[in-house]
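Let me begin by presenting the structure, written as structure tokens, before commenting on it.
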Amino acid sequence: MAALLRLPGGTRDATELVEALLVAAQAREDTAPELAARWRHLAHDIGDGLDALPPPRQEHDL
């Protein structure tokens, strides 16, 4: 399933979400390993989606 994620800061905000999910996963690795794995999987999926985006256009390209 696909989802549309609108963030005011664009890809910068999405990158911060990925980092936060990875930090949270590391913090829960010992107490909730299944949840940590889920968060890590989500972070990688979002990161893969970001990697698939076309590069941002430069101002001179507009």
Kindly express, to the nearest 10 degrees and within the range 0 to 90, the angle between helix 11-28's C-alpha long axis and the longest C-alpha principal axis of the chain. 10 degrees
Dividing the Cα radius of gyration by the Kirkwood radius, what Rg/Rh value follows for the chain? 1.10
Spin-label point model (7 Å from Cα, Cβ direction): what's the D30 to M1 distance in nm? 3.5 nm
Quick calc, the chain, dipole around Cα centre from Cβ unit charges on Lys, Arg (+) and Asp, Glu (-), nearest 20 debye, gives 160 debye
Rounded to a whole %, the carbon-and-sulfur portion of the accessible area of the chain at a 1.4 Å probe is 57 percent
As I understand it, the value is the acute angle between the Cα axis of helix 33-52 and the longest principal axis of the Cα atoms of the chain; what does it come to in degrees, rounded to 10? 10 degrees
At a Förster radius of 22 Å, what calculated FRET efficiency corresponds to the Cβ-Cβ distance of V23 and D51, to the nearest 0.05? 0.65
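The values are calculated or read from the model by the stated rules, or taken from the named source; none is laboratory data. What you see is a predicted model, and the numbers here were worked out from it, not measured in a lab. So basically every Cβ, Gly included, is an ideal-geometry build from the backbone, and we count neighbours across all protein chains shown. Ligands, DNA and RNA are excluded from the accessible area calculation, which covers all protein heavy atoms including side chains. Shrake-Rupley method; radii C 1.70, N 1.55, O 1.52, S 1.80 Å.
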